[in-house]
Amino acid sequence: MRTEDGGFYDEAVDALAAREYGRAGDAYARAGWRVLSAPRGEQDVSPFDADEQGWVGEGLAHLAASAAAYRVAGAPARATDRAVEGVAVARDLRRSYADRHPARAACFDEFVADFRAVGGLDGVEAAYEAAADAYRDAADAVDSPQALATTPLFEAAADLVQQFARGQADGEIAVSWSDLHGPDPGDPGAFLAHRATYKRQRLPSLVAAAVEDGYLAAPRGTTEYATDHHECPSCGSRHVNWVGDDTLCLVCSRPTEPTDG
C-alpha cells in the first residue's frame, strides 16, 4: 500500500492469518478511515481533491475488505453497516471527480457496486450496470485506458475481487488484468466497462463461497515458490507470500515457518 494507514492494514493481515476475521474487519475499517482522512499522510493530498492518482481509493478498498471480513466472520449486520457506509462515502467522493475526471468518477460507481455485492445489499446488478454505463459515457475523456487502469484508484478497486478469488485458487492469481478489462484498449468505454461486467458475473459468487468456507485469503504481496527456507506447518507448502509485515503461506494464508533448508 502506498497510503498512510497507521499500521492497521498490517494488523488486518495478521488477523486474517490467525483466522480472526472479526478483528480483521475492525483493523481494515480503521485503516480505511485513516486513509480517507489523509490519504498520503503529511503530504498535501485531501480526500476531496480530484487528484490524478485517486489515492483515496485505497481507503475505500480497506472499507470493502472490512465488510468482507465481517461477512466471513459470521457478522452480517456489521458487514451491512460497513457496506452502507462505503456506498455513502464512494458516492460523496464521486462528486469531486465528476466534472474533471468522468472515468475516475465511474470508478467510484464501481466501488458502490462492490460494496453492495460484498455487504449483501440489494441492487447489485443495477449498480454494476450503472458503473458500466458510466465508463462508456466517459470514453471520450480517456486518452489511455491502460494507463488509467494502473493508477491507485483503479488498482484499489480491483483488489477485493482478486483477494476473494485467491481463496478459491490456493492463493494463486485467479483474476488477471485480461479478465478485468476488455480486449480492445482502442475502445476505452468498453475496455473499462468490462471491469463492472466481470465483477457483476463473478464477485457475488466468490463472496458466497468465502462465507460458506469461512475463509478469506490474505492479499497477495511478494511471492516465492518452492522455497528451501520456509515450510507451512499447517499445509506443508513451501510457497511463500510476503505481505504487510507477515511471512505467510501462499496457499492457505497461515503464518509459515523458516526451515534449515
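Of all residues in the stretch 91-102, which are in a helix (DSSP H, G or I) and either more than 21 Å from ALA117 (Cα to Cα) or of a type in the set (Asp, Glu) (or both)?
ASP92, ARG95, SER96, TYR97, PRO102, listed by residue number.
Please verify whether ASP170 is in a loop (DSSP other than H, G, I, E, B) and on the phi > 0 side of the Ramachandran plot, treating the condition exactly as stated.
Spelling it out, ASP170 is indeed in a loop (DSSP other than H, G, I, E, B) and on the phi > 0 side of the Ramachandran plot.
So, TYR135, is that one touching a Gly at 6+ places or on another chain (Cβ under 8 Å) and among the hydroxyl-bearing types (Ser, Thr, Tyr) or not?
yes
When residues of the stretch 15-54 are filtered for being outside any helix (DSSP H, G or I) and either modelled with pLDDT under 95 or open to solvent by less than 30 Å² (accessible area, probe 1.4 Å) (or both), how many remain?
The number of residues fulfilling the criteria is 17.
Cβ-Cβ distance below 6 Å, separation of 6 or more or different chains: which pairs start in the stretch 41-64 with a residue that is in the same structural domain as LEU153 (by the TED database) and on the phi > 0 side of the Ramachandran plot and end on one that is of a type in the set (Lys, Arg) and crowded, with 24+ Cβ neighbours inside 10 Å?
Short answer, once both residue conditions are applied: GLY54/ARG104.
Do we find that GLU110 is of a type in the set (Asp, Glu), open to solvent by 40 Å² or more (accessible area, probe 1.4 Å) and in a helix (DSSP H, G or I) in this structure?
Criteria not met by GLU110.
Please find, among LEU121, LEU160, the residue that is within 19 Å of ALA209 (Cβ to Cβ), at pLDDT below 95 and assigned by the TED database to the domain that holds PRO204.
Within the list LEU121, LEU160, the selection yields LEU160.
Pick out, from the stretch 175-261, the strands (runs of 3 or more DSSP E) lying fully within it that include 1 or more residues that are among the acidic types (Asp, Glu) and in contact with a strand residue (DSSP E or B) (Cβ under 7 Å, 6 or more places away or on another chain).
Passing ranges, in order: 222-224, 246-249.
Determine, yes or no, whether ARG200 is over 27 Å from ARG71 (Cβ atoms) and surrounded by fewer than 21 Cβ atoms within 10 Å (Cβ to Cβ).
Considered against the rule, which asks whether it is over 27 Å from ARG71 (Cβ atoms) and surrounded by fewer than 21 Cβ atoms within 10 Å (Cβ to Cβ), ARG200 comes out as no.
Only one of these conditions is not met by GLY244: (1) open to solvent by 60 Å² or more (accessible area, probe 1.4 Å); (2) in contact (Cβ under 8 Å) with a residue 24 or more places away in the chain; (3) not assigned by the TED database to the domain that holds ASP159. Which number is it?
With respect to (1) open to solvent by 60 Å² or more (accessible area, probe 1.4 Å); (2) in contact (Cβ under 8 Å) with a residue 24 or more places away in the chain; (3) not assigned by the TED database to the domain that holds ASP159, GLY244 is out only on (1).
Looking at CYS232 and the list (1) closer than 18 Å to GLN163 by Cα; (2) buried (at least 18 other Cβ atoms within 10 Å of the Cβ); (3) at pLDDT below 95, which single condition is not satisfied?
The number of the failed condition is (1).
Only one residue in ALA77, ALA88 is over 20 Å from ALA157 (Cβ atoms), assigned to a helix (DSSP H, G or I) and free of Cβ contacts under 8 Å to residues at least 12 places away in the same chain. Which one?
Residue meeting the stated conditions: ALA77.
Criterion first (over 24 Å from ASN241 (Cβ atoms), open to solvent by 50 Å² or more (accessible area, probe 1.4 Å) and either touching a residue at least 60 places away in the same chain (Cβ under 8 Å) or assigned by the TED database to the domain that holds SER46 (or both)) does ALA83 satisfy it?
No.
Which number in (1) open to solvent by 30 Å² or more (accessible area, probe 1.4 Å); (2) of a type in the set (A, V, I, L, M, F, W, C); (3) free of Cβ contacts under 8 Å to residues at least 60 places away in the same chain marks the one condition that VAL251 misses?
(3)
A quick yes/no check of all residues on (1) surrounded by 15 or more Cβ atoms within 10 Å (Cβ to Cβ); (2) farther than 21 Å from ASP133 by Cβ:
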residue	(1), (2)
GLN162	yes, yes
SER176	no, yes
PRO185	yes, no
ALA190	yes, no
PRO204	yes, no
VAL207	yes, yes
ALA210	yes, yes
PRO219	yes, yes
THR222	no, yes
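For LEU63, all conditions in the list (1) within 16 Å of the chain's Cα centre (by Cα); (2) of a type in the set (A, V, I, L, M, F, W, C); (3) open to solvent by 10 Å² or more (accessible area, probe 1.4 Å) hold save one; what is the number of the exception?
Only one criterion in (1) within 16 Å of the chain's Cα centre (by Cα); (2) of a type in the set (A, V, I, L, M, F, W, C); (3) open to solvent by 10 Å² or more (accessible area, probe 1.4 Å) is unmet by LEU63, namely (3).
The values are calculated or read from the model by the stated rules, or taken from the named source; none is laboratory data. These numbers were taken from a predicted model, which means no experiment stands behind them. Cβ sites come from the backbone with ideal geometry, for glycine too, and all protein chains shown count toward neighbours. We work out accessible area using only protein heavy atoms, side chains counted, and drop any ligands, DNA or RNA first. Shrake-Rupley method; radii C 1.70, N 1.55, O 1.52, S 1.80 Å.
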